[in-house]
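The values are calculated or read from the model by the stated rules, or taken from the named source; none is laboratory data. From a predicted model like this one, the values you see are computed outputs, not experimental measurements. FYI the Cβ positions are ideal-geometry reconstructions off the backbone, even for glycines, and counts take in every protein chain you see. The protein model used for the area step is the full one, side chains on, heavy atoms only, and it has no ligands, DNA or RNA in it. Shrake-Rupley method; radii C 1.70, N 1.55, O 1.52, S 1.80 Å.
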Amino acid sequence: MTNKIDINKVFMGIKNSSLVFELTLCDHDSKDDLVEYLKDYLNVDEENLFSIEDEFKVYPKNSSLEDIWERYEILSEIDEEVIYQYDKNINSINTLSNDSLSDIKNYSFYKVSPKEYAQNLINDLRSWNGEQIPERLLSYLDYEEIANDLLISGDMVETGNGVLVLDYLNS
């Protein structure tokens, strides 16, 4: 896996303080658990916290703890490779609203070329209406053109080491 984005880490600052600390979100079962931890160990209320820019740029600068936790829950449901490839090839995760971020769940990542994906797609769809597409007809298909159509329509994005594909079954 080439994942270079860590959704579990966020750097936080405290208003009217120079203290900066790193939170590991996966260490907490809920936002309430996290708030309790912050009160007990740092003696700080959530209203006084804000995110600062971190190396992965997952959580927008100056986000509240509420926004961070909501974003974390959304990201936790998305495959890490999809997050990485989307961020690298389509749009920065940092700039997306939480509503837009939810749309990333509709993508799947495949480590194949666009042409290979088109071939796999046709092989998966060979049986239509209960009847097999004859093998002799498959030689007439132009997999390169099918791949180009998917790329042009935005249903597929070439990433350099695979393709991100918009999965309409998930949307």
Starting from segment 31-48, keep only residues that are outside any helix (DSSP H, G or I), then list their pairs with residues that are open to solvent by 60 Å² or more (accessible area, probe 1.4 Å) whose Cβ atoms are within a distance under 8 Å, requiring at least 6 positions of separation or different chains. ASP45/LYS39
Kindly indicate whether any position in segment 51-69 is within 30 Å of TYR168 (Cβ to Cβ), modelled with pLDDT of 85 or more, part of a helix (DSSP H, G or I) and under 19 Å from the mean Cα position of the chain (by Cα). yes
Let me spell it out: the conditions are (1) under 30 Å from ASP27 (Cα atoms); (2) of a type in the set (Ser, Thr, Tyr); (3) in contact (Cβ under 8 Å) with a residue 24 or more places away in the chain; (4) outside any helix (DSSP H, G or I), and TYR168 meets all of them except one. Which number is the exception? (1)
Would you mind telling me which numbered condition in (1) of a type outside the set (A, V, I, L, M); (2) in a helix (DSSP H, G or I); (3) touching a residue at least 12 places away in the same chain (Cβ under 8 Å); (4) open to solvent by less than 90 Å² (accessible area, probe 1.4 Å) LYS88 fails? (4)
Here are some conditions: (1) buried (at least 16 other Cβ atoms within 10 Å of the Cβ); (2) touching a Gly at 6+ places or on another chain (Cβ under 9 Å); (3) not small (Gly, Ala, Ser). VAL10 meets all but one. Which one does it not meet? (2)
Please work out which residue is least open to solvent (accessible area, probe 1.4 Å), limiting yourself to segment 20-59 and to residues that are in contact with a helix residue (DSSP H, G or I) (Cβ under 9 Å, 6 or more places away or on another chain) and of a type in the set (Phe, Trp, Tyr). TYR59
